[in-house]
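In what follows, a single structure is set out as structure tokens and then discussed.
The values are calculated or read from the model by the stated rules, or taken from the named source; none is laboratory data. Please read all numbers here as calculations on a predicted model, not as lab measurements. Here the Cβ is made from the backbone with ideal geometry for all residues, glycine too, and neighbour counts use every protein chain on show.
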Amino acid sequence: MHQLTITAVTAADLDDLVPLLRAYCDFYRVDPTDEALRALAVALLDHPEEGVQLIARDNAETPVGFATIYWTWQTLHAARVGVLNDLYVAPNVRGGGTGRALIERCLRLCRERGVARLTWETAPDNHVAQRLYDALGAEKSPWLSYELEP
């Protein structure tokens with residue numbers, strides 16, 4: 001694994017974070033505006049009780065990935081959980097340990113907050129990510145995800 005620094009996003013990181021958010025959205029073929037992505041990041045900075053974003057940088061201080069955790073409750077566990085809503089690693093460093101390092105940092109944050117578990121979803125065809133999750137010992141959920149636009 002290459003040398004990484006993973007920190008919680010601050011206002012000083014926004015110019016480096018937004019292009020990663022854009023690349024993540026492009027990967028999933030969705031198109032919120034960059035202004036909306038920045039506003040989301042600022043909202044989390046203003047309300048850390050709702051969630052946190054992490055940014056990974058290589059030894060040259062180049063941003064190479066990010067993760068977003070939202071804090072919530074899960075009735076089925078009768079406990080607080082962290083939802084790893086976003087995990088993105090730049091294509092040129094995939095397979096080098098960045099995704100694993102981001103998830104491990106997310107787990108550490110969950111332990112520090114005393115949450116019962118870290119949960120997440122991925123696209124059914126994202127086999128590269130699924131190999132990482134399986135290698136980490138994560139269990140596949142039996143649940144299906146549904147969405148409605150209000």
### the stretch 104-116, residues that are surrounded by 14 or more Cβ atoms within 10 Å (Cβ to Cβ) and out of contact with any Phe, Trp or Tyr (no Cβ under 8 Å at 6 or more places or on another chain)
Arg105, Cys106, Leu107, Leu109, Cys110, Ala116
### Summary
Filtering the stretch 102-150 down to residues that are in a helix (DSSP H, G or I), within 26 Å of Arg29 (Cα to Cα) and touching a residue at least 60 places away in the same chain (Cβ under 8 Å) yields Leu102
### Query
For the stretch 1-15, what are the residues that are among the acidic types (Asp, Glu) and surrounded by 15 or more Cβ atoms within 10 Å (Cβ to Cβ)?
Asp13
## Note on the structure
Pairs returned, first residue in the stretch 17-39 that is closer than 20 Å to Thr62 by Cα, second residue that is among the small types (Gly, Ala, Ser) and surrounded by 12 or more Cβ atoms within 10 Å (Cβ to Cβ), beta-carbon separation under 8 angstrom, 6 or more apart or interchain, are Leu17/Ala41; Val18/Ala41; Leu20/Gly65; Leu20/Ala90; Leu21/Ala41; Ala23/Ala90
### Message
I'm trying to understand the selection: among the residues of the stretch 15-29, which are farther than 15 Å from Gln53 by Cα and either at pLDDT 95 or above or hydrophobic (A, V, I, L, M, F, W, C) (or both)?
### Response
Ala23, Cys25, Asp26, Phe27
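What about Trp120, is it touching a strand residue (DSSP E or B) at 6+ places or on another chain (Cβ under 9 Å), surrounded by fewer than 18 Cβ atoms within 10 Å (Cβ to Cβ) and under 27 Å from Leu144 (Cα atoms)?
Details: touching a strand residue (DSSP E or B) at 6+ places or on another chain (Cβ under 9 Å): yes; surrounded by fewer than 18 Cβ atoms within 10 Å (Cβ to Cβ): no; under 27 Å from Leu144 (Cα atoms): yes.
When the stated conditions are applied, Trp120 does not pass them.
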#### Entry: Ala129 vs. criteria under 30 Å from Ala12 (Cβ atoms), out of contact with any Lys or Arg (no Cβ under 8 Å at 6 or more places or on another chain) and at pLDDT below 90
yes
